[in-house]
Amino acid sequence: MQLSNLTGKTVAIMVASGFDEDIFIAIQRAMMSVNAKLRVISRDAGLTNAWNGSGWGMSYPVDGTLSTTLAVDFDALIIPAGERHVATLTAEVHAKRLLRAFTREEMPILLIDDATSLLDLIDMAAPAMGDDAEVAVEGRLSVGRGGALKAGLEALNDAMLVADGESVAA
């Protein structure tokens, strides 16, 4: 997987307790492999809990709360899958504020599986994804299936460049 455009970038991963642990760990590993700084942003302060299959998974440290986070501090945003955490984020006004800021500034965003429903909060439609497609992209917004995380991360990597080959975030 080639993610060189993310090297040295600061990427926010927005979660609430109940996010998919397998996807979260895969994202962590991918970001670490290219020396990107992954920051966990959550409505939970201190620790947030993952969901692993049919029960609660591990707890992970939170780097910043949604209420104090600004999009300008990051180069990209990832929101992983997880029915429980998406339901919680749907009711969180600061999740809406942050997502709107990332889209308004046309910053790279990757939404995975049910996280795409969060676009409804900001009256935005997800890019259409064909039945056989793993990822759909519109501008710097990418949506993907959890089973195709590699393709989703590659789409996020591609979104880090503007037309002239320069990085979106300096």
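The slack between residue 134 and residue 97, meaning 0.36 nm per residue of separation minus the straight C-alpha distance, is 10.5 nm. A DSSP coil position with no more than 16 other Cβ atoms inside 10 Å describes none of the trypsin sites (Lys or Arg not before Pro) in the stretch 1-40. For residue 19, the amide hydrogen comes within under 5 Å of the amide hydrogens of 51, 85, counting only partners 5 or more places away or on other chains and with H modelled in the peptide plane. Along the stretch 57-68 the Karplus relation, 6.51 cos²θ - 1.76 cosθ + 1.60 evaluated at θ = phi - 60°, assigns HN-Hα couplings of x, 7, 9, 10, x, 9, 8, x, 8, 4, 5, 10 Hz to successive residues, with x for each Gly and Pro. Take every DSSP beta bridge with both residues inside the stretch 1-85 and express the antiparallel ones as a percent of the total, to the nearest 5. The antiparallel proportion sits near 30 percent.
In this simple spin-label model, placing a label point 7 Å from the Cα along the Cα-to-Cβ direction at both residue 25 and residue 105 gives a separation of 3.2 nm. The alpha-carbon of residue 96 sits under 17 angstrom from the alpha-carbon of none of the lysines, leaving out residues fewer than 8 places away in its chain. In a simple Cβ point-charge model (Lys, Arg +1; Asp, Glu -1; nothing else charged), the chain has a dipole of about 520 debye relative to its Cα centre. Put the Cα centre of the stretch 94-129 next to the Cα centre of the stretch 1-56 and the gap is 17 Å. Of 159, 36, 45, the residue with the greatest mean-square motion in the GNM of the chain, using alpha carbon springs below 10 Å, is 45.
Taking amide H as placed 1.01 Å from N in the peptide plane, residue 37 has its amide H under 5 Å from the amide H of 8, 9, 10, 11, each at least 5 places away in sequence or on another chain. Ordering 38, 110 by the number of other Cβ atoms within 10 Å of each residue's own Cβ, fewest first, gives 38, 110. What residue among 79, 23, 109 has the largest mean-square fluctuation in a Gaussian network model of the chain, using Cα springs under 10 Å? Of the options given, 23 has the highest mean-square fluctuation. Within the chain, antiparallel bridges make up roughly 35 percent of the DSSP beta bridges whose residues both belong there.
Residue by residue, the stretch 69-85 carries 3J(HN,Hα) couplings of 8, 10, 4, 4, 7, 10, 9, 7, 10, 10, 10, x, 6, x, 3, 5, 6 Hz when phi is fed to the Karplus relation 6.51 cos²θ - 1.76 cosθ + 1.60 (θ = phi - 60°); x denotes Gly or Pro. Working note: Debye formula, equal point scatterers on the alpha-carbon atoms of the stretch 79-170, no solvent; log10 I(q)/I(0) at q = 0.14, 0.19, 0.25 Å⁻¹ is -0.48, -0.88, -1.34. Taking the chain as a Gaussian network of alpha-carbon nodes connected by springs under 10 Å, the highest mean-square fluctuation of the residues 42, 17, 59 belongs to 59.
Each value in this text was obtained by applying a stated rule to the coordinates, not by laboratory testing. All values reported here derive from a predicted model rather than from experimental measurement. Using ideal geometry, Cβ is built from the backbone for each residue, glycine included, and neighbour counts are taken over all protein chains shown.
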